[in-house]
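Student: Dropping a structure here in structure tokens format, bear with me for questions.
What follows draws every value from the coordinates through simple rules; no lab data is involved. Since the structure is predicted, the reported quantities are computational estimates derived from the model, not experimental observations. Neighbour counts run over all protein chains shown; Cβ positions are idealised from the backbone, glycine included.
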Amino acid sequence: MNAADWDEEAVRDELRTYVVEHLEDKHAVLVVDETGFVKKGKKSVGVARQYSGTAGRRENSQMGVFLLYASAKGHAFVDRALYLPEEWTQDRVRCREAGVPESVSFATKGELAQQMLRGCVQSGLRSLDEVTEQKLCISYQVPL
């Protein structure tokens, strides 16, 4: 899979189209979750010693932020982002060696969630009666 030439953003957009056509419901919700992937080495993109809920403690891990669409008709992941700790984004040589584009800068997990939520709303994926028109409450207010 890692040698395949494919556009993951196009795949995500195609999945969103499917979700709109088959799962959309005015009472649906968008769910943001972070998940840790425990790692042994130091070369995996974004790996650092950080708290991982998966491990229940600080551990050498990668962190992903995921967005799920859930309705009475079904559920599907509709976006994802790899969290890059600040120590990674400040080390441009390390980023270049790992294939991280120059355009990528530090963003908190909350900021990554905001970007994904905006993308979903802009793509036409609706939930919670148009995401309550202005704001979506997760555990704090996320401005759209």
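Student: Being within 24 Å of Glu9 (Cα to Cα), in a loop (DSSP other than H, G, I, E, B) and touching a Leu at 6+ places or on another chain (Cβ under 8 Å): is that true of Val100 here? Lay out the reasoning, then the answer.
Tutor: Values: within 24 Å of Glu9 (Cα to Cα): yes; in a loop (DSSP other than H, G, I, E, B): yes; touching a Leu at 6+ places or on another chain (Cβ under 8 Å): yes.
Yes: the conditions hold for Val100.
Student: Moving to a separate point now. Could you please let me know if Glu14 is within 21 Å of Gln115 (Cα to Cα), under 14 Å from the mean Cα position of the chain (by Cα) and loosely packed, with under 15 Cβ neighbours inside 10 Å?
Tutor: On the way: within 21 Å of Gln115 (Cα to Cα): yes; under 14 Å from the mean Cα position of the chain (by Cα): no; loosely packed, with under 15 Cβ neighbours inside 10 Å: yes.
Criteria not met by Glu14.
Student: Working carefully through the options Glu59, Glu14, Glu34, Glu21, find the one that is of a type outside the set (A, V, I, L, M), over 22 Å from Val104 (Cβ atoms) and touching a Phe, Trp or Tyr at 6+ places or on another chain (Cβ under 9 Å). Don't jump to the end; show me each part of the working.
Tutor: Values: Glu14 fails: touching a Phe, Trp or Tyr at 6+ places or on another chain (Cβ under 9 Å); Glu34 fails: over 22 Å from Val104 (Cβ atoms); Glu21 fails: touching a Phe, Trp or Tyr at 6+ places or on another chain (Cβ under 9 Å).
After ruling out the rest, the residue left standing is Glu59.
Student: Report, by residue number, each residue of the stretch 81-120 that is within 24 Å of Asn60 (Cα to Cα) and touching a residue at least 60 places away in the same chain (Cβ under 8 Å).
Tutor: Lys109, Ala113, listed by residue number.
Student: Is it the case that the stretch 53-69 has a residue that's over 30 Å from Asp91 (Cβ atoms) and part of a strand (DSSP E or B)?
Tutor: Going residue by residue through the stretch 53-69, those that are over 30 Å from Asp91 (Cβ atoms) are 68-69.
Filter again for part of a strand (DSSP E or B), leaving 68-69.
Yes, the stretch 53-69 contains a residue that is over 30 Å from Asp91 (Cβ atoms) and part of a strand (DSSP E or B).
Student: Now for a separate question. List every residue pair whose Cβ atoms lie under 6 Å apart, where the two residues are 6 or more positions apart in sequence or sit on different chains, the first residue falls within the stretch 1-21 and is in contact (Cβ under 8 Å) with a residue 40 or more places away in the chain, and the second residue, located anywhere, is among the polar types (S, T, N, Q) and in a loop (DSSP other than H, G, I, E, B).
Tutor: Correct list of pairs: Arg16/Ser123.
Student: Name every residue in the stretch 37-66 that is basic (Lys, Arg) and crowded, with 16+ Cβ neighbours inside 10 Å, in order of residue number. Spell out the reasoning first.
Tutor: First, the residues of the stretch 37-66 that are basic (Lys, Arg): 39-40, 42-43, 49, 57-58.
If the condition is that a residue be basic (Lys, Arg) and crowded, with 16+ Cβ neighbours inside 10 Å, then Lys39 is the only one that fits.
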